[in-house]
Amino acid sequence: MTRTRVSRWLARTLTALAVSLLALGSQAAEIKVATIAPDGSVWMREMRAGAQRIKERSAGRVEIKFYPGGVMGNDAQVLRKIRIGQLQGGAFTTGGLSERYSALNLYGIPLLFRSLDEVDYVRARLDPKLIAGLERAGFVSFGFSEGGFANLMANEPVRSVEDLRRKKVWVPEGDDISFLAMETMGLSPVVLPPTDVLTGLQTGLLDVVGASPVVALVLQWHTKVKYRTELPVSYSMGIFALDARAFDRLSVEDQTIVREIMGEVMHNLDATSREDNRRAAEVMTKAGVQPVAVNPADVEDWRATLESMYPELHRRPDMDAELLDELLAILAEYRSLGRTTSTLGE
Amino acid sequence: MFPGRTARRLFGFTALLAAAAGVGGCANLIGSMAADTLSAAILNENDPELVASGVPAYLLLVDGLISRSPDNESLLAAGAQLFALYGSRFETDPDRIVTLTAKARDYGERSICIAYTPACTWQGLDYDDFVSQLAAIQKKNIDYLYSYAIGWLSYLQATSEDWSAVAELPWVEAALERALELDETYENGGLHAYLGILDSLRPPALGGKPDAAKAHFERALELSQGKDLSIKVEYARRYARMVFDQELHDRLLEEVLASPVEADGFTLFNVLAKREAEQLLASSKEYF
């Protein structure tokens, strides 16, 4: 090998090395994500497994770092940290992210759905629109994961609206639509963050609370209530979403990897959640919380009262009127097919 | 989940074996001196693998003795703790862990029912009734209350994927809290260590009590006089990770690595604690 050839070879190698180092430096992206899910939970395990696959498939260019257990604060605080670039994403509840995209409030309208079959029918048609709308609002998400229906829980059985009168009924802090629903029904809502509910039940500040069986077990509310009304009150979901600004900085190839893998993770979480709630409800009964059925005629009255608030919902800034109409049309379509079961429970 | 300190009493079961052997008519099986020596030898062993391969023979022995003396509450209590410990610290096959800890729970329930008759009706009580029943149990029964809680807890840990484990945790926690009321120094702070772990399971955003967890761990350290390294490991793994305090996490684990492994009655678990401390430290940068 002559000197010239050696130096040419060396120059080429060094250039190649420099280019690849440069590429590495400019493309390695750390995405910081906050979630309320505690480390060690199924949710975190699936998310970490997904992140690991993304890291491998992207040859280390995309790394997702998690802040579990709510250490970055509640949904509103996480959103602020995303805005200033301290975080690039988070796992939210539908309500938590609705501040940035109001249509996420749609599925949570109380007594909107009569069954999970209705939910499936609507979600298959509307989820893609919500995901697209959320993306226009600056958040890239990868599908939703079911949180399930909230059930009413109390120390005395709740079978009708009458049973709720003169009771202190909990409304989650920030859930303005449930608050409006309570007022429409002439009830007296008490607004508290979820973390104060257990104490509220203990001290008599609250009589009636609503949550999915899974949430009730995790927050240990089953130790403070005696009855669970098997009526699907309002539907909630979890959303894993990334700041679009951060996502756009990834190469198209890496974006595809993240979309594909996180899409799978969310799909799996969505699929297992239903069984989780079914099992959690069963376990609550075993722990001494008795299931209570509602009188179907009462429920229809209840629904009719709530439907009277739809015109008001239409005018609200925290509601997407166009998508609300579309949702109601899809529901009407489903019901006209005559497939609605009379099942009021899960 | 199980701090090493539990083991001190646990392996003390060999002395019970001797007693039971007398009752059951096999006085020649193990003399009490041999039992004490054996127990100390195990706890002071610095080779966990040797212990892991040897203890199953003990389990069989305990099972055999219990089947001969099914009403011996002390033997049942020791059995509950031994199966809980082996199932949660040494066994690796998930199905066997469930089988072993289910036995721990069963022995614990039987033991307390014999020692304290009102406990026979505890199963299936709702939370408030259970807590008011617990208020009546007295200090003389603390050993049985403890074995009952530990057996149950080990089973919940083994089945933590199931929602019933999540549902039952507050009951176990209430039992441990009652034991703490009766004697907070019990097991050199072991009760505090367990409650520290339980209070760290849920972050504050999900109704957890990090301040209570921290106070329990600190008190457990005080009561164990720093000899039991597994408390620091749990403090780091459960509490420091939950509140995202890397400085505390790394400090606790470095202290574990810098501490002597030999401590009378703790050597075996200190060896395990050091291994875990190394692993946790290695993943610290990635986690925080």
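Read-outs: derived from the displayed coordinates by stated rules, not from any lab. For clarity, every value in this text was computed on a predicted model and none was experimentally measured. Note that we place each Cβ from the backbone using ideal geometry, even for glycine, and neighbour counts take in every protein chain shown.
Quick look at the numbers
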item: Neighbourhood net charge (14 Å Cβ-Cβ; Lys/Arg +1, Asp/Glu -1) for A:Glu312; result: -2
item: Average beta-carbon neighbours from other chains, 10 Å sphere, peptide A:276-288; result: 4
item: B:Arg251 versus A:Thr199: modelled label distance in nm, points set 7 Å from Cα along the beta carbon direction; result: 2.8
item: Hz values of 3J(HN,Hα) by residue in region A:245-257 - Karplus curve (6.51, -1.76, 1.60), Gly and Pro given as x; result: 4, 6, 5, 5, 6, 6, 5, 4, 4, 5, 4, 4, 4
item: Local electrostatic count at A:Arg125 - Lys and Arg +1, Asp and Glu -1, tallied over other residues with Cβ under 13 Å; result: -3
item: Neighbour-count ranking [beta-carbon atoms within 10 angstrom, fewest first] of B:Phe90, A:Phe66; result: B:Phe90, A:Phe66
item: Local electrostatic count, B:Ser200, Cβ distance below 10 Å [Lys/Arg +1, Asp/Glu -1]; result: +4
item: Mean Cα-pair separation over length for chain A, i.e. relative contact order, pairs under 8 Å, 6 or more apart, %; result: 24
item: Computed over chain B, Kirkwood Rh from alpha-carbon pairs, angstrom; result: 19.2
item: Inter-site label distance for A:Asp127 and B:Glu161 at 7 Å from Cα along Cβ, in nm; result: 2.4
item: Length-normalised contact order for chain B - Cα pairs under 8 Å, 6+ apart - percent; result: 19
item: Student exercise, region A:169-296 dipole from Lys, Arg, Asp, Glu Cβ charges, in Debye to nearest 20; result: 580
item: Ascending count of other beta-carbon atoms within 10 Å, so fewest first, for B:Leu60, A:Leu106, B:Leu229, B:Leu280; result: B:Leu60, B:Leu280, A:Leu106, B:Leu229
item: Cβ-based exposure ranking for A:His267, B:His192, in which fewest neighbours within 10 Å come first; result: A:His267, B:His192
item: Other protein chain Cβ atoms within 10 Å, averaged over every residue that makes up A:69-80; result: 3
item: Whether region A:103-183 is rounded, prolate or oblate, judged on the alpha carbon gyration tensor where a/c under 1.5 counts as rounded; result: prolate
item: Residues A:Glu282 and B:Thr117, FRET efficiency given R0 of 41 Å [Cβ-Cβ distance, rounded to 0.05]; result: 0.85
item: Potential extension, A:Arg335-A:Thr256 segment - 0.36 nm per residue separation minus Cα distance; result: 24.7 nm
item: Under 17 Å, Cα to Cα: Lys pairs in chain A, sequence gap 8 or more or different chains; result: 11
item: Simple label model, 7 Å out from Cα along Cβ direction - B:Lys209 to B:Asp93, nm; result: 4.0
item: The protein assembly as shown - convex hull of the alpha-carbon atoms, volume per residue in Å³; result: 191
item: Helix-only [θ]222 nm of the protein assembly as shown, DSSP H runs n ≥ 4, -39500 (n - 2.57) each, per residue, nearest 500; result: -18500 deg cm²/dmol
item: Cβ neighbours within 10 Å from other chains - mean over A:186-199; result: 1
item: FRET E, pair B:Phe288, A:Glu312, Förster distance 60 Å, beta-carbon r, rounded to 0.05; result: 0.80
